[in-house]
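Report on one structure; see the data block that follows.
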């Protein structure tokens, strides 16, 4: 297993596990992280995290240890799911590939999470029910996380999106594209239900330089703010249901996400 520090020197237990997924037709690596004392603590909480292969750069174990030791978060199990070679197709919005047909395996990935990974975690940990279950991710992994949580509120009650790829669109720029072609915005807008979810969204003012509509605001921020507007139109409110963190000089990088990650963990699992 690979972590930023030697886990044996921390109050963290960690294990790399492999699941042979029938839906993805590949072996999926997951790193399970939890405080050592979790075995005697309850109730339990769960975080699924996309792009688990970046956990060292995200300083994930360090954040878990510090927040657990200081009592800032409740007992937490983290399952960091490592992305495969088909990341651009497994992540995305289930049933809605983008204009390049990326995200074509997002439905299979959703089934892996809900029908294979979650039952495995419950068997592996012996925990049948979690007090809080959250799904989070970064960039395209964040889009995947909010999509899966949105469609499975019976499994998740919170979701976190760091620099989310909310630009994900069904039409190419310059070929009839309008803002209505952003896929996740469309899914939320046209949804017949309002899931019992809470949302944590983060952007950085230097996430990118692109500005499609030339309004002086980068697309990452515009697209995220518009997601918030779609959520508010469904009846969600700020700050009760929606938290938004915009980091000055924050970039589209693991360094920025590592800085923001403890803030998300306290929001989602604060004691």
### Query
Listing 109, 236 from the residue with the fewest other Cβ atoms within 10 Å to the one with the most, what is the order?
236, 109
#### Entry: Mean separation of Cα contacts under 8 Å (6+ apart) over length of the chain, as relative contact order %
17 percent
### Task
Let me have the relative contact order for the stretch 186-244, percent, based on Cα pairs under 8 Å that are six or more residues apart.
43 percent
### Query
Using a Gaussian network for the chain with springs between C-alpha atoms less than 10 Å apart, which of these wobbles most: 194, 256, 159?
194
### Message
Show me the ranking of peptides 263-269, 76-82, 187-193, 248-254 by mean Cβ neighbours inside 10 Å, starting with the highest.
### Response
76-82, 263-269, 248-254, 187-193
### Summary
Looks like the stretch 184-241, by Cα gyration tensor root eigenvalues a ≥ b ≥ c and the a/c under 1.5 rounded cutoff (else prolate when a/b is bigger than b/c, oblate otherwise), is prolate
### Query
Going by how many other beta carbons lie within 10 Å of each one, how would you line up 199, 166, fewest first?
199, 166
### Query
What residues from the stretch 90-113 fall in the zone where the backbone N is under 19 Å from a label point 7 Å along the Cα-to-C-beta line of residue 226?
92-94, 96-102
### Query
Cα axis of helix 60-69 to longest principal axis of the chain: angle in degrees, 0 to 90, nearest 10?
60 degrees
### Query
Gain in length, residue 66 to residue 263, computed as 0.36 nm per residue apart minus the alpha-carbon separation, to one decimal in nm?
69.7 nm
### Task
Could you let me know the centre-to-centre spacing of the stretch 216-271 and the stretch 143-207, using Cα atoms, in angstrom?
12 Å
### Query
What residue among 101, 243, 53 has the largest mean-square fluctuation in a Gaussian network model of the chain, using Cα springs under 10 Å?
101
### Query
Of the beta bridges DSSP finds with both residues in the chain, what % are antiparallel, to the nearest 5?
40 percent
### Task
Enter the angle in degrees (range 0 to 90, nearest 10) between the Cα long axis of helix 140-151 and the first principal axis of the Cα atoms of the chain, meaning the one along which they spread out most.
90 degrees
## Note on the structure
Simple SL model, points at 7 angstrom along Cα→Cβ for residue 241 and residue 86; separation in nm is 3.4 nm
### Query
Based on DSSP H runs of at least 4 residues, each adding -39500 (n - 2.57), what is the mean residue ellipticity at 222 nm of the chain after dividing by all its residues, to the nearest 500 deg cm²/dmol?
-8500 deg cm²/dmol
### Message
Compute a Gaussian network model of the chain, connecting alpha carbons closer than 10 Å, and tell me which residue from 11, 215, 157 fluctuates the most.
### Response
215
### Query
In degrees from 0 to 90, rounded to the nearest 10, what is the angle of the helix 254-269 Cα long axis to the longest principal axis of the chain?
70 degrees
### Task
May I ask you to compute the full-extension gain from residue 16 to residue 180, defined as 0.36 nm times their residue separation minus their alpha-carbon distance, rounded to one decimal in nm?
54.9 nm
### Query
Which shape class, rounded, prolate or oblate, goes with the stretch 148-213 when its Cα gyration tensor gives a ≥ b ≥ c as root eigenvalues, a/c under 1.5 marks rounded, and past that a/b bigger than b/c marks prolate?
oblate
### Message
Just want the ordering: 72, 184, from fewest to most Cβ atoms lying within 10 Å of their own Cβ.
### Response
72, 184
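Read-outs: derived from the displayed coordinates by stated rules, not from any lab. Predicted, not measured: the structure shown is a model, and the values here were computed from it. All Cβ positions, even for glycine, are placed from backbone atoms using ideal geometry, and neighbour counts span all protein chains on display.
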